[in-house]
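Written below as structure tokens is the structure these notes are about.
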Amino acid sequence: MARLNDDAQWIVLMGFIVSFSLFFLGIVINQSTVVGQTTAEGVLEFPKNDILDIRSEVLQSSKITVAADFDDVKKDISSIALSRKNAIVSFGVTQAPPGSTYTKIIDIHYNNGVTAYNETANY
Amino acid sequence: MVNSEGQLFTIEGIAAGLIMLLTAFIVVSTTSIYTPGDTHISDMQLEQLGSDALRMMNTPNTSADSAESALQSIIKNNDTDRFRETFLWFCNNKTGGAYDILQFSTDVYYRKTLTTSVNRFHFTESRKPTGGEHAVRVTEWVQVDNTILAGGSMPAEVDNRVQAVLVEVLLWRD
């Protein structure tokens, strides 16, 4: 080593390299637990069932033919979702252009402050 | 300093000290594995089970536009007995052995046009909740034709019109 003698410098260098690589492996293991935590939080916060449920209800509502009934249902969904689910839901149904495979184009917007979901469905 | 010898030793010593400190820090912080999902996994399973049961009840038998799901006609006719039977049957059924011991309590939320407020009426339950249950909340949107013409017989305070209501179920394992 320093000034004692200059032998075995390769061995010392290899020792450094090995210890540094062990150090980095340690960091990798350390980070893996953090990854697990953020993933678990993401899964818990994602309102999968709410979105699926809203979506199926909106698609079902699009079949209503009476305009007044449709407006009522639209207001029902918006106000109940806001009061019970803390989510802002709005949707609209327009007729698909003539010659299209689908009959309706449905816009769905969902936002609960954490998750936003927007969809344009051809139905 | 007395003299300037051994400088490289000093630098090595500092580097080694830093590496040891960092290693100790990483080891200590690694052992405290914290997953917030741990305690909620059984809740999530119960929630999924309840959601699936309600989804099954709210699926019509045919894809015809006029087809009504079981849940739709239950809410429309205020058929609490049928809801209790079907829901408990779906939730407590197992592939073998004894039935599960899930209990529930159901409320229905609706909007009143006159007051534009969201109100609720109690629908049915399998057992009165004492407040000590560890319950999860599952919900299902149901579209009900509560017009007199369609024979809607929801409780009197609910508007007689086509509407979307939210069925909320508190579900717990006894």
Among B:THR124, B:THR113, B:THR59, whose mean-square fluctuation peaks in a Gaussian network model of chain B (Cα, cutoff 10 Å)? B:THR113
Report the calculated FRET efficiency for A:ILE88 and B:ARG82 (r = Cβ-Cβ distance, R0 = 45 Å), to the nearest 0.05. 0.85
List the trypsin sites (Lys or Arg not before Pro) within segment B:108-174 that DSSP assigns to loop and that have no more than 15 neighbouring Cβ atoms inside 10 Å. B:ARG127
Per residue, how much space in cubic angstrom lies within the convex hull of the C-alpha atoms of chain B? 278
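Roughly what % of Cα-Cα distances in the protein assembly as shown sit above 23 Å, to the whole percent? Spell out each step's value before the answer.
On the way: 29652 of 43956 pairs.
That fraction is 67 percent.
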Connecting C-alpha atoms closer than 10 Å in a GNM of chain A, tell me which of A:VAL58, A:VAL28, A:VAL43 has the biggest fluctuation. A:VAL28
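Which FRET efficiency value, to the nearest 0.05, do you get for B:ASN119 and A:LYS48 by plugging their Cβ-Cβ distance into 1/(1 + (r/R0)^6) with R0 = 25 Å? Each step should come with its number before you reach the end.
On the way: r = 28 Å, r/R0 = 1.11.
So the FRET efficiency works out to roughly 0.35.
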Could you provide, to the nearest whole Å², the per residue accessible area of the protein assembly as shown with probe 1.4 Å? 60
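Take the solvent-accessible surface of the protein heavy atoms, probe 1.4 Å, and return the percent of it on the protein assembly as shown that carbon and sulfur atoms account for. Write out the running numbers ahead of the final one.
Details: 10700 of 17820 Å².
Within the protein assembly as shown, the accessible surface is 60 percent carbon and sulfur.
Go ahead and estimate [θ] at 222 nm for chain A from helices alone: -39,500 (n - 2.57) per DSSP H run with n ≥ 4, summed, over the residue count, rounded to 500. Spell out each step's value before the answer.
Details: 3 runs with 70 residues, N = 123.
Roughly -20000 deg cm²/dmol at 222 nm, from the helical runs in chain A.
Calculate the FRET efficiency for B:VAL28 and B:ALA156 from the Cβ-Cβ distance with a Förster distance of 51 Å, rounded to the nearest 0.05.
Working: r = 65 Å, r/R0 = 1.28.
Result of the calculation: an efficiency of 0.20.
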Over all alpha-carbon pairs in segment B:52-100, figure out the percentage whose distance exceeds 16 Å. 45
For chain B, calculated [θ]222 nm from helices alone, where every DSSP H run of n ≥ 4 adds -39500 (n - 2.57): -11500 deg cm²/dmol
Accessible area buried at the A-B interface, both sides summed, 1.4 Å probe (Å², nearest 100): 3400
Globularity index of chain A, i.e. its alpha-carbon radius of gyration over 2.2 N^0.38 Å: 2.13
Between B:ILE14 and A:TYR123, with labels modelled 7 Å along Cα→Cβ, what's the label distance in nm to one decimal, could you check? 6.9
Mind checking the angle between helix B:41-57 and chain B's longest principal axis? C-alpha axes, 0 to 90 degrees, to the nearest 10. 30
For a paramagnetic label modelled at 7 Å from the Cα of B:GLN48 toward its Cβ, which residues of segment A:30-46 fall within the zone defined by backbone nitrogen distances under 20 Å? A:36-46
Looking at chain A, do any whole DSSP H helices span at least 27 angstrom along their long axis by alpha carbon and average -0.5 or above on Kyte-Doolittle, and which? A:9-45
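Let me spell out the model: positive unit charges on the Cβ of Lys and Arg, negative unit charges on the Cβ of Asp and Glu, origin at the Cα centre of chain A. What dipole size does that give, in debye rounded to 20? Present the calculation step by step, with values, prior to reporting the outcome.
On the way: 9 positive and 13 negative charges, 24 e Å.
Around 120 debye, computed over chain A.
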Answer in debye to the nearest 20: the dipole magnitude of the protein assembly as shown about its Cα centre, from +1 Lys/Arg and -1 Asp/Glu charges placed on Cβ, is 500
Using protein chains only (no ligands, no nucleic acids) and a 1.4 Å probe, work out which residues of segment B:139-155 have their accessible area cut by at least 30 Å² relative to the chain alone. B:THR139, B:TRP141, B:GLN143
Expected max-MSF residue from B:ALA67, B:ALA156, B:ALA24 in the GNM of chain B (alpha carbon, under 10 Å) is B:ALA24
Considering every pair of different Cα atoms, what Kirkwood radius, in Å, is found for segment A:38-98? 13.2
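The values are calculated or read from the model by the stated rules, or taken from the named source; none is laboratory data. It should be emphasised that the depicted structure is a prediction, and the values quoted were computed from it without experimental measurement. As a convention, Cβ positions derive from the backbone with ideal geometry for all residues, glycine included, and neighbour counts pool all protein chains shown. These area figures cover heavy atoms from the full protein model, side chains too; ligands, DNA and RNA do not enter into them. Shrake-Rupley method; radii C 1.70, N 1.55, O 1.52, S 1.80 Å.
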